[in-house]
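Notes to accompany the following structure.
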Amino acid sequence: MPVLVMKFGGTSVATLDRIRRAAKRVGVEVAKGYDVIVIVSAMSGKTNELVGWVNEISPLYDAREYDAVVSSGENITAGLMALTLQEMNVPARSWQGWQVPLMTNSAHSSARIEEIPTDNLNAKFGEGMRVAVVAGFQGISPEGRITTLGRGGSDTTAVAFAAAFGAERCDIYTDVDGVYTTDPRISSKARKLDKIAFEEMLELASLGAKVLQTRSVELAMRYNVRLRVLSSFEEQSDDAGTLVCAEEEIMESNVVSGIAYSRDEAKMTLISVADRPGIAAAIFGPLSEAGVNVDMIIQNIAEEGRTDMTFSCPTDQVKRAEKALEEAKENGDINYHDLVADTDVAKISAVGIGMRSQSGVAAKMFKTLSDEGVNIKVIATSEIKISVLVDRKYMELAVQALHDAFELDKAA
Ligand code: ADP
Ligand code: ASP
Ligand code: MG
């Protein structure tokens, strides 16, 4: 029988009533003749609570124990979803990641999926089971320890299952009815897109649009999974939501297709480091070894052989970055005057494949922000995106002003 993957995010399984509603949607697809793999997140707020407990007990925690704790929210919803389906007379059972087993590498708290054997689930489908409910976000390492896939990782679980089982489609049910030109919570003018290209979705996700985890888009693109984002709160037709698809499937699009923001970015500046060959390697080597994901980098012009080096990294990695750099200083590998962390910043990005062929986007972006009196602290660009770091208090203003300036409320 054809396989469909349906993923329900935290708000879609937040209460028993919502689990019942989600289960009904699953029942509709089963009645159409699909074998369904349901991927569930933890109830909304649960993972944050678990992360909070870990941080309170151990700020520089052992990531293996972090994973043991934060993966647990999904165990509850998987079991509850299977029970709800059984109550509706749909043959279903739940699976935790290790039972499948969803095999990952050992990068705890941000593990990558290595393999999903299909025989266990297929054997059960063969015996008449119609729905396999799988706990999202979790897997097992080669060492036999529980791993998690990074925040928002259930999206990636869903796409990986769709690829492994050759699913007809992977439907991501969430609390908005698709992918918008920007976060609809920030701008009332945000417009829902019927389709978005993999590349654009990949950039938007990696630049902060948490509607899909970045890795899930990467996998969908690589394995050509038909990926759809839609609401679990409304009755859905077969073409509802937003389809994430190949560029060729999209006829018209704006030069800029979306604005993303991230408030989880910190700006760190090393004051007065020696400007010598090898200095960048001496700074960013230890950071990378400490697992710090450096994003933007600027090195200022040197004066009298010394310079300031600024970089950005996720806010929750600031402590790790400080520790790594202080150790490098103690070892004599680098020498700096001071290390200043600014966590009151936000990254705003404009994304669009149209930028490949059209110039002037950066100029328009900078002019718009300057007209609003917003100072730009760091800039980074790539082929299809421009990102700036600004004071966090201007974040919403900047998103709205750019959304207006690029006329994203109007279709191409
Ligand atoms: P789930 O719990 O279902 O995984 P998430 O909270 O992870 O849901 O993702 C959905 C949220 O993503 C929406 O509520 C919305 O606020 C946010 N979001 C950010 N950018 C966008 C965008 N461009 N389009 C749609 N939603 C977005
Ligand atoms: N529950 C996990 C999180 O909140 C995974 C997910 O929901 O995708 O990050
Ligand atoms: Mg999510």
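The values are calculated or read from the model by the stated rules, or taken from the named source; none is laboratory data. Model, not experiment: these values are computed from the prediction. Heads up, the Cβs are rebuilt from the backbone with ideal geometry, glycines too, and the neighbour counts pull from every protein chain shown.
Inside the stretch 297-412, counting only helices (runs of 4 or more DSSP H) that do not spill past its ends, which hold 3 or more residues that are under 19 Å from Gly278 (Cβ atoms) and either among the polar types (S, T, N, Q) or more than 22 Å from the chain's Cα centre (by Cα) (or both)? Full working, then the answer.
Details: elements: 318-330, 361-371, 395-405.
Here the list reads 318-330.
Those residues that are away from ligand 2 (no atom under 16 Å from the Cβ) and either surrounded by fewer than 16 Cβ atoms within 10 Å (Cβ to Cβ) or in a helix (DSSP H, G or I) (or both), I need them from the stretch 130-154; list them, please.
Looking only at the stretch 130-154, we keep the residues that are away from ligand 2 (no atom under 16 Å from the Cβ), and these are 130-132, 140-145.
Selection gives Pro142, Glu143, Gly144.
Could you tell me whether the stretch 264-283 includes any residue that is under 15 Å from the mean Cα position of the chain (by Cα), surrounded by 15 or more Cβ atoms within 10 Å (Cβ to Cβ) and outside any strand (DSSP E or B)?
Here is the first cut: in the stretch 264-283, the residues under 15 Å from the mean Cα position of the chain (by Cα) are 264-265.
Still in the list and also surrounded by 15 or more Cβ atoms within 10 Å (Cβ to Cβ): 264-265.
Next cut, outside any strand (DSSP E or B) only: 264.
Yes, that holds for at least one residue.
Has the stretch 203-220 got any residue that is among the basic types (Lys, Arg), modelled with pLDDT of 95 or more and closer than 26 Å to Val26 by Cβ? Steps first, answer last, please.
At the first step, the residues of the stretch 203-220 found to be among the basic types (Lys, Arg) are 210, 215.
Going one step further and asking which of them are modelled with pLDDT of 95 or more, we end up with 215.
Those left that are additionally closer than 26 Å to Val26 by Cβ: 215.
Within the stretch 203-220, one or more residues are among the basic types (Lys, Arg), modelled with pLDDT of 95 or more and closer than 26 Å to Val26 by Cβ.
Residues in the stretch 164-172: is at least one more than 14 Å from ligand 2 (Cβ to nearest atom) and either at pLDDT below 95 or within 13 Å of the chain's Cα centre (by Cα) (or both)?
No, there is no match, as no residue in the stretch 164-172 is more than 14 Å from ligand 2 (Cβ to nearest atom) and either at pLDDT below 95 or within 13 Å of the chain's Cα centre (by Cα) (or both).
Considering only the stretch 161-208, state which residues are part of a loop (DSSP other than H, G, I, E, B) and among the aromatic types (Phe, Trp, Tyr).
Step one: filter the stretch 161-208 for residues part of a loop (DSSP other than H, G, I, E, B), giving 165-168, 175-179, 181-191, 193-194, 207-208.
Matches in the stretch 161-208: Phe165 only.
Of the numbered conditions (1) within 16 Å of ligand 3 (Cβ to nearest atom); (2) more than 14 Å from Gly153 (Cα to Cα); (3) buried (at least 24 other Cβ atoms within 10 Å of the Cβ); (4) not acidic (Asp, Glu), Ile37 satisfies every one except a single condition; which is it?
Looking at each condition in turn, Ile37 falls short on (1).
Out of all the residues in the stretch 47-58, is one or more touching a strand residue (DSSP E or B) at 6+ places or on another chain (Cβ under 7 Å) and more than 14 Å from ligand 2 (Cβ to nearest atom)? Quick ask: steps written out before the conclusion?
Pass one, the stretch 47-58, residues touching a strand residue (DSSP E or B) at 6+ places or on another chain (Cβ under 7 Å): none.
Looking for residues that are touching a strand residue (DSSP E or B) at 6+ places or on another chain (Cβ under 7 Å) and more than 14 Å from ligand 2 (Cβ to nearest atom), one finds none in the stretch 47-58, hence no.
Yes or no: Asp67 more than 15 Å from ligand 2 (Cβ to nearest atom) and of a type in the set (Asp, Glu)?
Spelling it out, it is not the case that Asp67 is more than 15 Å from ligand 2 (Cβ to nearest atom) and of a type in the set (Asp, Glu).
Which of the residues spanning the stretch 204-255 are under 24 Å from Lys32 (Cα atoms) and of a type in the set (D, E, K, R)?
Within the stretch 204-255, Arg226, Arg228, Glu234, Glu235, Asp238, Asp239 qualify.
Taking strands (runs of 3 or more DSSP E) that do not extend beyond the stretch 1-109, which have at least 3 residues that are away from ligand 1 (no atom under 16 Å from the Cβ) and touching a residue at least 24 places away in the same chain (Cβ under 8 Å)? Before the answer, list the steps.
Working: elements: 3-8, 35-40, 92-95.
Filter on the stretch 1-109 gives 35-40, 92-95.
Anything in the stretch 181-208 that is free of Cβ contacts under 8 Å to residues at least 60 places away in the same chain and under 20 Å from Lys410 (Cβ atoms)? List them, or say none.
If we filter the stretch 181-208 for residues that are free of Cβ contacts under 8 Å to residues at least 60 places away in the same chain, which is where we start, we get 184-185, 188, 192, 194-195, 198, 201-202, 205-206.
The answer is Pro184, Ser188, Lys192, Asp194, Lys195.
May I ask you to list the residues in the stretch 155-180 that are surrounded by fewer than 24 Cβ atoms within 10 Å (Cβ to Cβ), small (Gly, Ala, Ser) and either under 19 Å from Gln96 (Cα atoms) or without any contact (Cβ under 8 Å) to a residue 60 or more places away in the chain (or both)?
Passing the criteria: Ala163, Ala164.
Restricting the search to the stretch 325-353, which residues are surrounded by fewer than 21 Cβ atoms within 10 Å (Cβ to Cβ) and under 23 Å from Arg151 (Cβ atoms)?
Correct list: Ala341, Asp342, Thr343, Asp344.
Looking at (1) closer than 30 Å to Asn254 by Cα; (2) touching a Phe, Trp or Tyr at 6+ places or on another chain (Cβ under 8 Å); (3) free of Cβ contacts under 8 Å to residues at least 40 places away in the same chain; (4) not polar (S, T, N, Q), can you tell me which one Lys329 breaks?
Here Lys329 meets the rest and fails (1).
Considering every residue within the stretch 238-261, establish whether at least one is at pLDDT 95 or above and under 28 Å from Lys319 (Cα atoms).
There is at least one residue in the stretch 238-261 that is at pLDDT 95 or above and under 28 Å from Lys319 (Cα atoms).
Considering the stretch 209-227 alone, what residues qualify as being within 15 Å of ligand 3 (Cβ to nearest atom), crowded, with 21+ Cβ neighbours inside 10 Å, of a type outside the set (S, T, N, Q) and not in a helix (DSSP H, G or I)?
Selection gives Ala209, Val211, Leu212, Leu227.
For the list (1) under 25 Å from Ala205 (Cα atoms); (2) in contact with a helix residue (DSSP H, G or I) (Cβ under 9 Å, 6 or more places away or on another chain); (3) surrounded by 20 or more Cβ atoms within 10 Å (Cβ to Cβ), I need the number of the one condition that Gly241 fails.
For Gly241, the exception is condition (2).
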